[in-house]
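Report on the following structure.
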Amino acid sequence: MHSLEKAVLSLQRELNISAKKKQSISAHFQREMIKGLTGRNSSLKMLPSYLTNPSGQETGTFLSLDLGGSNVRLYLLDLLGHGSFNIRETLAFPLKSACKNGVSYDYTAASVTGEELFDFIVSKLKNLISKEIPYSLGLTFSYPCKQIAIDQAVLLKWTKEIKTAEAVGKNIGEMLTAALRKQQVNNVTLKAIINDTVAAQVAGAYSQQHCRIASIIGTGHNSCYLENRRKYLAKAGIINIEAGNFNKLPFSLYDKKLDKLSVEPGTQLLEKMVSGKYLGELVRLILLRFSEEGLLFRKKISRLSITGVFSTPDMSTVLGDNTKELGNVSKLLFEKLGITNSTYEERLGVYMICQIVQKRSACLAATSYLSILEQIDGLSTPHVIAVDGSLYNKMPEYAEYLDEALVEGTRGKKGTVTVKPVKDGSALGAALAAAMQ
Ligand code: GLC
């Protein structure tokens with residue numbers, strides 16, 4: 001067998017999540033959930049959201065603000081009841097912009113403060129609203145927060161490599177309201193702050209009342225569920241698991257290296273194996289090793305040493321290449337890495353590496369969902385999981401692999417699991433949360 005083929009097979013074995021590993025992950029995940037719910041030290045924070053499922057009757061016009069990835073999104077949205085809604089207007093802008101017409105900024109950097117970040121967002125929000133109309137605002141803020149009330153949330157830590165200063169430990173509700181008032185925006189009232197998983201949950205439940213679990217597979221990865229066991233929560237409510245921080249996992253050499261290079265090593269370990277912020281980087285580290293060992297491209301490709309040179313969207317380009325000779329992969333290898341003479345076998349090798357990393361991500365996400373469902377009712381009833389996020393929505397075949405892993409995991413169980421993709425979950429969820437107040 002060709003040495004590249006052998007190396008790919010060995011990588012496949014190394015990154016494969018066997019049935020035995022799944023069992024062990026699931027047992028640990030459930031234990032960590034209980035520890036988090038009962039206030040013990042746990043990798044899963046299990047944060048109450050002060051929110052439950054909507055009734056389906058919610059109507060009216062709301063402002064939604066979605067802050068949780070590289071772009072901020074603002075929406076003016078009509079809730080029409082029973083799962084229907086209409087987005088009237090949207091405004092999106094990046095938190096980071098490379099030198100365009102001499103203007104460059106980065107509101108995710110340690111040199112910028114939380115106050116400056118919210119001032120910037122409000123300066124943009126002013127372009128979407130009229131001065132005369134009163135607005136109720138829902139904020140989807142996709143970072144771990146300790147909720148004090150539905151409109152008050154203290155940021156516990158940044159995730160997804162954000163470094164903005166003077167924000168951790170602060171009340172996000174107060175910061176946003178202060179920024180609004182500072183710029184004389186007195187007609188906008190913040191009604192609710194929710195995590196994006198919680199937004200997906202309420203968005204899913206708006207049309208499917210029995211939706212009890214939701215998840216994001218995007219820049220980050222996290223899940224939430226509706227807890228109604230009295231021994232854990234006095235009043236039924238949605239719990240933000242902060243699942244991305246789960247850490248009892250089988251790490252490969254590449255995972256360890258990626259973690260070491262990250263802003264906060266030792267944290268968000270599941271997220272680093274599942275989500276879009278990291279998958280492209282994992283592939284880069286694998287390609288680097290393969291090229292160093294002469295298995296790919298016949299020499300060490302120096303550009304592969306640059307962090308971020310191969311991104312998750314690049315992975316999607318590779319995985320979506322249906323051309324006979326993998327021509328799109330060839331083009332990408334040239335544009336990103338300066339490789340001009342890749343062979344078909346090498347391009348196929350790159351494709352397989354991306355697929356192995358992708359499949360492991362879907363398999364781990366599915367394993368965490370099945371663990372949560374085991375906790376809810378031992379997987380004895382049918383369940384709908386509301387899923388949103390760029391990786392899930394955009395990466396070719398990701399949804400299929402997730403379904404496959406869920407079907408495999410429910411074999412022999414009474415319950416079934418169906419994934420319900422939720423579109424615009426963060427926008428709809430924030431509006432619903434505001435409407436429920
Ligand atoms: C990160 C955040 C979490 C969020 C997830 C998806 O894991 O910590 O709050 O839900 O990303 O955006």
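Computed values, structure above
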| item | result |
| --- | --- |
| Subset of segment 90-134 (residues that are within 18 Å of Tyr75 (Cβ to Cβ) and surrounded by fewer than 12 Cβ atoms within 10 Å (Cβ to Cβ)) | Ala92, Asn127, Ser130, Ile133, Pro134 |
| Members of segment 1-26 that are without any contact (Cβ under 8 Å) to a residue 24 or more places away in the chain and within 19 Å of Ser371 (Cβ to Cβ) | Ser18, Ala19, Lys20, Gln23 |
| Those residues of segment 128-172 which are away from the ligand (no atom under 16 Å from the Cβ) and either under 24 Å from Gly425 (Cβ atoms) or aliphatic (A, V, I, L, M) (or both), in sequence order | Leu128, Ile129, Ile133, Tyr135, Ser136, Leu137, Ile148, Ala149, Ile150, Asp151, Gln152, Ala165 |
| Cβ-Cβ under 7 Å pairs, at least 6 apart or on other chains, segment 218-231 side within 15 Å of Met33 (Cα to Cα) and without any contact (Cβ under 8 Å) to a residue 12 or more places away in the chain, far side more than 8 Å from the ligand (Cβ to nearest atom) and aliphatic (A, V, I, L, M) | Asn228/Ala236 |
| Candidate set: segment 344-389, residues that are among the β-branched types (Val, Ile, Thr), in contact (Cβ under 8 Å) with a residue 40 or more places away in the chain and more than 20 Å from Ala19 (Cα to Cα); chosen: the one surrounded by the most Cβ atoms within 10 Å (Cβ to Cβ) | Val350 |
| Within segment 390-415, considering residues that are modelled with pLDDT under 95 and touching a strand residue (DSSP E or B) at 6+ places or on another chain (Cβ under 7 Å), the one nearest to Cys211 (Cα to Cα) | Gly415 |
| Matching entry among Phe251, Phe246 (being crowded, with 24+ Cβ neighbours inside 10 Å and more than 10 Å from the ligand (Cβ to nearest atom)) | Phe246 |
| Of all residues in segment 258-313 being of a type in the set (Phe, Trp, Tyr) and over 24 Å from Lys394 (Cβ atoms), the one that is farthest from the ligand (Cβ to nearest atom) | Phe297 |
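Let's see how each residue does on (1) surrounded by 23 or more Cβ atoms within 10 Å (Cβ to Cβ); (2) modelled with pLDDT of 95 or more:
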| position | (1), (2) |
| --- | --- |
| Ala149 | no, yes |
| Leu155 | no, yes |
| Thr164 | no, yes |
| Leu176 | yes, yes |
| Gln184 | no, yes |
| Gln208 | no, no |
| Ser215 | yes, yes |
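The values are calculated or read from the model by the stated rules, or taken from the named source; none is laboratory data. Note that this is a predicted model, so its numbers are computed, not measured. All Cβ positions, even for glycine, are placed from backbone atoms using ideal geometry, and neighbour counts span all protein chains on display.
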